[in-house]
Ligand code: PHE
């Protein structure tokens, strides 16, 4: 009976101590077997009580060993030592696409439906592809339109200021008809603020074939803005770019009579979204395309600006700060 009490009190969390305890009571040479061997020497009058007590001891000791082993396993499992293979796995957190990527992919998808492919080029460019081929010879005042980052002291090597450079490369390497858009990062030496950054992202487009007209350009842009913004109005304002003639600035109207209004919380009105024009014949000739045979149009837009508009983001810097609280908000937009 004392042994029963002792067994009930016993506790440990060591594997070795449990095994020693088991051997002590339940092992071949353990106490219980001793007691069973003792049984025949017990006077008949006490046999019943002795037998019941020994059986009770055996039960208590067996239960104790099982309970201690189970407790130990649970503890290890919690620590992941054994690892229960039947347990459901840890959920893998899903990331979100960056708003720039979301908008870029939308733009690519829209133009792919009307036959435009995607072309890419280097961010570190030479003067020819970024400026000279585009009708901006050295000392041309229009170079001041784009404040350029040069690489070290070599004025020939720079960070591209627009992806028009990719269009030059594409024209040099492909024959018309050409229908291509060039998404990519561009750099300009501008003060960083809520509205502008020293790098941003563009999609520029180029269409060259026989008899391409300004009407084709306008129709293409109207199709594009309707697909991206919903039913929308655009207007073209005369402008100047060295590589297009005539040139225009494209505004989209944010207002109640168009579908763009639900996204527009602050005011309505015309918002500039891109530049465009008919490719200057000099540019075609510079790139090995006969300007007497072919004509074309080009356009270029900033993805960041459009992302700010579509998602009503107030500060362009949020797009490059990698704040997870900001980025996580785009999970549903995958
Ligand atoms: N390259 C111009 C820019 O970066 C945009 C543009 C492209 C304008 C094509 C007209 C035609 O501002």
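The values are calculated or read from the model by the stated rules, or taken from the named source; none is laboratory data. Only a predicted model underlies this, so the values are computations on that prediction, with no experimental measurement involved. With ideal geometry, Cβ positions are generated from the backbone for all residues, glycine too; neighbour counts draw on all protein chains shown.
Do the conditions hold for residue 326, that is, is it modelled with pLDDT of 90 or more and away from the ligand (no atom under 16 Å from the Cβ)?
yes
Taking the range 118-157, which residues are in contact (Cβ under 8 Å) with a residue 60 or more places away in the chain and either within 13 Å of the ligand (Cβ to nearest atom) or in contact with a helix residue (DSSP H, G or I) (Cβ under 7 Å, 6 or more places away or on another chain) (or both)?
118, 119, 120, 121, 133, 134, 135, 136, 142
Inspect all residues belonging to the range 96-103 and state whether any of them is more than 23 Å from residue 328 (Cβ to Cβ) and either surrounded by 13 or more Cβ atoms within 10 Å (Cβ to Cβ) or in contact with a helix residue (DSSP H, G or I) (Cβ under 9 Å, 6 or more places away or on another chain) (or both).
no
Among (1) part of a strand (DSSP E or B); (2) more than 13 Å from the ligand (Cβ to nearest atom); (3) modelled with pLDDT of 95 or more, which single condition is residue 186 missing?
The one condition residue 186 does not meet is (2).
Does residue 206 meet the test of being touching a helix residue (DSSP H, G or I) at 6+ places or on another chain (Cβ under 8 Å) and modelled with pLDDT of 95 or more?
Yes; evaluated as a whole, the condition is true for this residue.
Would a scan of the range 217-239 turn up a residue that is touching a helix residue (DSSP H, G or I) at 6+ places or on another chain (Cβ under 8 Å) and in a strand (DSSP E or B)?
Looking through the range 217-239, at least one residue is touching a helix residue (DSSP H, G or I) at 6+ places or on another chain (Cβ under 8 Å) and in a strand (DSSP E or B).
Can you confirm whether residue 270 is at pLDDT below 95 and in contact with a helix residue (DSSP H, G or I) (Cβ under 7 Å, 6 or more places away or on another chain)?
no
Residues being over 18 Å from residue 164 (Cα atoms) and either within 11 Å of the ligand (Cβ to nearest atom) or within 36 Å of the chain's Cα centre (by Cα) (or both): count how many of those fall in the range 209-236.
19
For residues that are closer than 30 Å to residue 74 by Cα and surrounded by 12 or more Cβ atoms within 10 Å (Cβ to Cβ), tally how many sit in the range 24-52.
The total comes to 7.
For residue 166, all conditions in the list (1) in a strand (DSSP E or B); (2) within 16 Å of the ligand (Cβ to nearest atom) hold save one; what is the number of the exception?
The number of the failed condition is (1).
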